[in-house]
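Report on one structure; see the data block that follows.
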Number of protein chains: 2
Amino acid sequence: MKIALDALGGDYGVKPNILGAIKATEDFGCEVFLVGDENKIQEELKNHSYDSAKITVIHAPEMIDMEASPALEYRRKKNASIVVCAKLVKEGKADVMISAGNSGATMVAALFGIGRIKGVSRPAIASPMPTQTGFALIVDAGANADCSAINLLQFAVLGSVYYKHIYGKPNATVGLLSIGEEEGKGNLLIKETTKHIRKLGLNYYGNIEGRDVHTGMIDIVVCDGFVGNIVLKTSEGLSKSLFKMIKSNLKGKPLAMLGMLMAKPALMKVKEVTDPDTFGGAPLLGVNGNVIISHGKSNEKAIYCAIKAGIKTVESKALKAMEEAIASNKAIFDEAEGR
Amino acid sequence: MKIALDALGGDYGVKPNILGAIKATEDFGCEVFLVGDENKIQEELKNHSYDSAKITVIHAPEMIDMEASPALEYRRKKNASIVVCAKLVKEGKADVMISAGNSGATMVAALFGIGRIKGVSRPAIASPMPTQTGFALIVDAGANADCSAINLLQFAVLGSVYYKHIYGKPNATVGLLSIGEEEGKGNLLIKETTKHIRKLGLNYYGNIEGRDVHTGMIDIVVCDGFVGNIVLKTSEGLSKSLFKMIKSNLKGKPLAMLGMLMAKPALMKVKEVTDPDTFGGAPLLGVNGNVIISHGKSNEKAIYCAIKAGIKTVESKALKAMEEAIASNKAIFDEAEGR
């Protein structure tokens, strides 16, 4: 198993990437290509002991500038770490690429460097989100700010197949995130999507509302990337705000503070379950290769978990299954696009 | 001060409406028209003592069927409680109308029965949402599933003026809910809105992300009604789920349970702050009259708080100020619409 890791990705530089990679090679026996500025990587690597047969440094010091045109940047910067990662996957030298860098840049590199699964209109980020009973996948979690019905239909198929393969739940439920539970209630995009979604043969629940997202009743929450990203970030923000509010309400109340100290293990368990680091990143679905996006604030643990998720993705052979599912539903997608 | 209360509104029948109204007449000295099925209302009223000079029953037994065409329903059901409430406001017999019934029906009754403020394209629901420091108004919280830039621009103006008048914060901050903080990042709607929003002379912060919604840094969160409703319901759902997860993690841990019991007053404080009942409903902004929408699961306290919010709205003279603000920004709205 070979991992291409964007060692320059993420807000904290090469260190968490390198530490996460070393630990992953030890625990999973995988090989990791550390792709990035060789000087920076070697500088950090020499502080640690690692199996040199399992870690290879690839010099690719450039960075995609997200303010510039992504397509132009991609063509111009053949030596950007994320572009080289995509190339390694495309050429079969790596089984999966992982980056905690800008998700837009990862998307561009994957789209141009690897390409899409045949028939896929737009790839989507499938982000795991904690629920009362486990977690749900939000598809799309931010790759596509504006979507049409065919996108949502394909997100439903890709998410469903991925979930089934990775988590071994053949009956994974799919919900369309909307306002109002009744069939067809929502905005124009939802109404259009609703006309076709039942034909896909998924375990389709119907519309769900925001309040259902965290209950665990739905495994795959389908929405456009604008809505998905806002839901994801609102949830992360609210969890933090609630814990902060509890903390600030404890001030000056010694009994309550002591009580909270006693209850802490139970609270930490909830915090752990809702910790985005443990999910190990989100797959980019619809690309013709395995791509895992980790969040910008990834620490060593997050990178380690992202590599673990990447390995699981490769081993599950979800990619092949998604390709087949997209092909077998072609007529429905064509109809949705009015072709 | 005269209140038109839709006594048939809400999931729990006339009882919470009547109890909330009686308490409001006692505490605020207002008069309340209980509009609805007279038999049902009298049946409940006779169980309680109240000031008959302050409570008037108006017989209007019909209900708007939300499955049918709203416009048709409005014309057909002149004796629907919500339609009669709107008429009372339109004719100046009531200062404000309040309903915990279907918000779509309230919107239709207000739109057709009262009409819009001159120049307003679409009214919006401005829903208060708890934050770490107090609360933010989400505009629109669900009235308009599909919006164009002029809608969002007007929501920003209406929300800002309302917030200033009701909460006495002249510098209320306005944020555009999007993905990515950089100016202009987001979907097509956000990009179009961004071209004009700075011209409105509001205390405009710029784009905010989902994670900022609950921090308290923004007073008015502007978004389309699809996104707003999903954010609102996701937040309500997540708060509940987190408390449930904490509870279920306490099971079998007597020490932690005891601790949580000791910390309970502090936790209850947070629960209270985040309780939608205390906010007393959401104003429908952009209608040429005062309209408060309370949530379907309104209990006595929620109705009481909604009446309180209604009185505050009337006394603040926010309506007149919104009218002036919409008129004075006419050129900007026209430009946004390409007129």
*Pull up region A:265-295, narrow it to residues that are surrounded by 24 or more Cβ atoms within 10 Å (Cβ to Cβ) and of a type in the set (S, T, N, Q), then point me to the one that is farthest from the other protein chains (Cβ to nearest Cβ).*
A:290
*Considering only region B:240-263, state which residues are among the small types (Gly, Ala, Ser) and surrounded by fewer than 17 Cβ atoms within 10 Å (Cβ to Cβ).*
B:248, B:252
*Taking region B:215-239 as the search range and keeping residues that are among the polar types (S, T, N, Q), touching a Ser or Thr at 6+ places or on another chain (Cβ under 8 Å) and buried (at least 21 other Cβ atoms within 10 Å of the Cβ), which one is nearest to residue A:180 (Cα to Cα)?*
B:234
_Restricting region B:170-193 to residues that are among the polar types (S, T, N, Q) and over 21 Å from residue A:104 (Cα atoms), the residue that is farthest from the other protein chains (Cβ to nearest Cβ)_ = B:171
*Single residue of region A:299-328 satisfying the filter (touching a helix residue (DSSP H, G or I) at 6+ places or on another chain (Cβ under 6 Å) and of a type in the set (S, T, N, Q)) that is farthest from residue A:23 (Cα to Cα)*: A:316
*Looking at region A:224-264, which of its residues are more than 7 Å from every other protein chain (Cβ to nearest Cβ) and free of Cβ contacts under 8 Å to residues at least 40 places away in the same chain?*
A:240, A:243, A:247, A:248, A:251, A:252, A:254, A:257, A:264
*Scan region B:53-71 for residues that are modelled with pLDDT of 90 or more and either more than 20 Å from residue B:84 (Cβ to Cβ) or of a type in the set (A, V, I, L, M, F, W, C) (or both) and jot them down.*
B:53, B:55, B:57, B:58, B:60
*Among the residues listed as B:60, B:105, B:124, the single one being in contact with a Gly (Cβ under 8 Å, 6 or more places away or on another chain) and under 16 Å from residue B:284 (Cβ atoms)*: B:124
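Scan region A:29-44 for residues that are over 21 Å from the mean Cα position of the chain (by Cα) and not in a loop (DSSP other than H, G, I, E, B) and report the count.
Adding up the residues that qualify gives 9.
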_Failed item in (1) over 21 Å from the mean Cα position of the chain (by Cα); (2) surrounded by 18 or more Cβ atoms within 10 Å (Cβ to Cβ); (3) in a helix (DSSP H, G or I), with residue B:58 passing the rest_ = (3)
*Are any residues in region A:88-108 outside any loop (DSSP other than H, G, I, E, B), farther than 30 Å from residue A:335 by Cα and of a type outside the set (S, T, N, Q), and if so, which ones?*
A:88, A:89, A:90, A:96, A:97, A:98, A:105
_Residues of region B:175-214 that turn out to be modelled with pLDDT under 95, surrounded by fewer than 22 Cβ atoms within 10 Å (Cβ to Cβ) and more than 21 Å from residue B:164 (Cβ to Cβ), as a count_ = 7
*Please identify the pairs in which a residue from region B:278-294 that is touching a residue at least 60 places away in the same chain (Cβ under 8 Å) has its Cβ atom under 7 Å from the Cβ atom of a residue that is charged (D, E, K, R), counting only partners at least 6 apart or on another chain.*
B:286/B:116; B:286/B:122; B:287/B:116; B:288/B:116; B:289/B:90; B:290/B:95
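Which of the residues that make up region B:203-223 are more than 7 Å from every other protein chain (Cβ to nearest Cβ) and under 16 Å from residue B:140 (Cβ atoms)?
Scanning region B:203-223 gives B:208, B:218, B:219, B:220, B:221, B:222, B:223.
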*Please give the number of the condition residue A:52 fails out of (1) without any contact (Cβ under 8 Å) to a residue 12 or more places away in the chain; (2) in contact with a helix residue (DSSP H, G or I) (Cβ under 6 Å, 6 or more places away or on another chain).*
(2)
*asked:* Go through (1) crowded, with 21+ Cβ neighbours inside 10 Å; (2) in contact (Cβ under 8 Å) with a residue 40 or more places away in the chain for residue A:133 and report which single condition fails.
replied: (1)
*Inside region A:61-74, can you point out the residues that are assigned to a helix (DSSP H, G or I) and either under 22 Å from residue A:292 (Cβ atoms) or without any contact (Cβ under 8 Å) to a residue 12 or more places away in the chain (or both)?*
A:70, A:72, A:73, A:74
*Count of residues meeting criterion [among the aromatic types (Phe, Trp, Tyr) and either at pLDDT 95 or above or part of a strand (DSSP E or B) (or both)] in region A:272-307*: 1
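The values are calculated or read from the model by the stated rules, or taken from the named source; none is laboratory data. It should be emphasised that the depicted structure is a prediction, and the values quoted were computed from it without experimental measurement. Glycine also receives a Cβ, built like all others from the backbone with ideal geometry; neighbour counts cover every protein chain displayed.
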